[in-house]
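Chemist: The following block contains the structure, expressed as structure tokens.
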Amino acid sequence: MRAKSPKPELTYYDLAEGVTAFSSTRHGGCSEGPHGEFNVNLYCGDAPEAIATNRKALCKLLKISENRLVMPHQVHETGIAQIGRTFFRLSEEVRRQVLEGIDALMTNIPGVCIGVSTADCIPIIIYDPEHHAASVVHSGWRGTVANIAGVAVTSMQRAYHSRPEMLKAVIGPGISLKNFEVGDEVYDQFAAAGYPMERIARRYEKWHIDLWQCCRLQLEDVGLKPENIEVSGICTYDRCDDYFSARRLGIESGRILTAIVIRES
């Protein structure tokens, strides 16, 4: 592990006043090799001491307690967990169980950082400025087929009375259409899910899918206004020096953290 003191370099999103929304880069941490430098994900084979040091540096930068950094163990499905005040009264073991098999989080608690991990999959931040609530979503291709972004918005409607037309969203760094080559069986699953294939797919030697566009369409379908959806346009495959890409670096590499912190209003 590097001896230098970590200073995480983040990509910030101007989502709204009263929140800090960001994606981490590979820079400013102490992890090494394919996990270098800045990784805070526990499930990708990185050294525990490097993860702990990076997490501590991130929480210091965000001005939150370390136990207020909440990240799930993702499984490419559509489970969503609501993080309320009672979550932090649970034991560490029970909190870990709550976060097992979860691909999206939501909260309305200030001072809590909820985030998801990606390395080519698409991260989405959704914010409700009316009710000061937020959700973060891990939308890999399986989750995208299963409409996880729509599930998150519907969950926010139930939990916080969110109005979709008032929500704001950021679609963060992920693999672009030109680099996301898929087999016919994956193309067929998107087609079976009802996507307009003429808008989200292109044929080169094999099919390519535009996951950014898929996520945008999901959000629009549940009522978000197009002008309230920002697409970062950062392709992790092309920019693997700055952002982790599993297709370029391998599965045993670091992960981007895309997250949001609600501040006291």
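The values are calculated or read from the model by the stated rules, or taken from the named source; none is laboratory data. All values reported here derive from a predicted model rather than from experimental measurement. Heads up, the Cβs are rebuilt from the backbone with ideal geometry, glycines too, and the neighbour counts pull from every protein chain shown. Protein only, heavy atoms only, side chains kept; ligands, DNA and RNA dropped before computing areas. Shrake-Rupley method; radii C 1.70, N 1.55, O 1.52, S 1.80 Å.
Results for (1) more than 16 Å from the chain's Cα centre (by Cα); (2) not basic (Lys, Arg), shown as yes or no for each residue.
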site	(1), (2)
16	yes, yes
26	no, no
29	yes, yes
32	yes, yes
44	no, yes
48	yes, yes
52	yes, yes
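Chemist: Those residues that are open to solvent by less than 20 Å² (accessible area, probe 1.4 Å) and either among the aromatic types (Phe, Trp, Tyr) or touching a residue at least 60 places away in the same chain (Cβ under 8 Å) (or both), I need them from the range 14-39; list them, please.
Modeler: Across the range 14-39, the qualifying residues are 15, 21, 22, 23, 24, 25, 31, 35, 36, 38, 39.
Chemist: For residue 246, indicate whether it is in contact with a strand residue (DSSP E or B) (Cβ under 6 Å, 6 or more places away or on another chain) and either among the small types (Gly, Ala, Ser) or surrounded by fewer than 20 Cβ atoms within 10 Å (Cβ to Cβ) (or both).
Modeler: No, not satisfied.
Chemist: Output the qualifying pairs, or none if there are none: Cβ atoms under 8 angstrom, residues six or more apart or on different chains, first residue in the range 203-231 and under 16 Å from residue 190 (Cα atoms), second residue surrounded by fewer than 19 Cβ atoms within 10 Å (Cβ to Cβ) and of a type in the set (Lys, Arg).
Modeler: Going by the 8 Å Cβ cut-off, the qualifying pairs are 208/178; 208/202; 210/199; 210/202; 213/199; 217/199.
Chemist: Taking the condition buried (at least 18 other Cβ atoms within 10 Å of the Cβ), within 24 Å of residue 133 (Cβ to Cβ), touching a Lys or Arg at 6+ places or on another chain (Cβ under 7 Å) and in contact (Cβ under 8 Å) with a residue 12 or more places away in the chain, does residue 70 pass?
Modeler: In short, no.
Chemist: Of all residues in the range 27-73, how many are touching a strand residue (DSSP E or B) at 6+ places or on another chain (Cβ under 9 Å), assigned to a loop (DSSP other than H, G, I, E, B) and within 19 Å of residue 92 (Cβ to Cβ)?
Modeler: Counting residues in the range 27-73 that are touching a strand residue (DSSP E or B) at 6+ places or on another chain (Cβ under 9 Å), assigned to a loop (DSSP other than H, G, I, E, B) and within 19 Å of residue 92 (Cβ to Cβ) gives 7.
Chemist: Could you tell me which of the residues 107, 86 is modelled with pLDDT of 95 or more, open to solvent by 50 Å² or more (accessible area, probe 1.4 Å) and out of contact with any helix residue (DSSP H, G or I) (no Cβ under 8 Å at 6 or more places or on another chain)?
Modeler: Unique residue meeting the criteria: 86.
Chemist: Residues in the range 215-233: is at least one among the polar types (S, T, N, Q) and more than 30 Å from residue 131 (Cβ to Cβ)?
Modeler: No, the range 215-233 has no match at all.
Chemist: Filter the range 201-230 down to the residues that are open to solvent by 50 Å² or more (accessible area, probe 1.4 Å) and either among the basic types (Lys, Arg) or under 17 Å from residue 168 (Cβ atoms) (or both) and list them by number.
Modeler: 202, 203, 206, 216, 220, 221, 225, 226, 227, 230
Chemist: Still on this structure, please answer the following. Could you tell me whether the range 87-106 includes any residue that is of a type in the set (A, V, I, L, M, F, W, C) and in contact (Cβ under 8 Å) with a residue 60 or more places away in the chain?
Modeler: Within the range 87-106, none of the residues are of a type in the set (A, V, I, L, M, F, W, C) and in contact (Cβ under 8 Å) with a residue 60 or more places away in the chain.
Chemist: While we're on this one: Only one of 117, 139, 155, 176 is closer than 17 Å to residue 220 by Cβ and open to solvent by less than 40 Å² (accessible area, probe 1.4 Å). Can you tell me which?
Modeler: Every option except 139 fails the conditions.
Chemist: In addition: Tell me, which helices (runs of 4 or more DSSP H) lie completely within the range 149-265 with 3 or more residues that are over 24 Å from residue 35 (Cα atoms) and under 15 Å from the mean Cα position of the chain (by Cα)?
Modeler: Filter on the range 149-265 gives 211-221.
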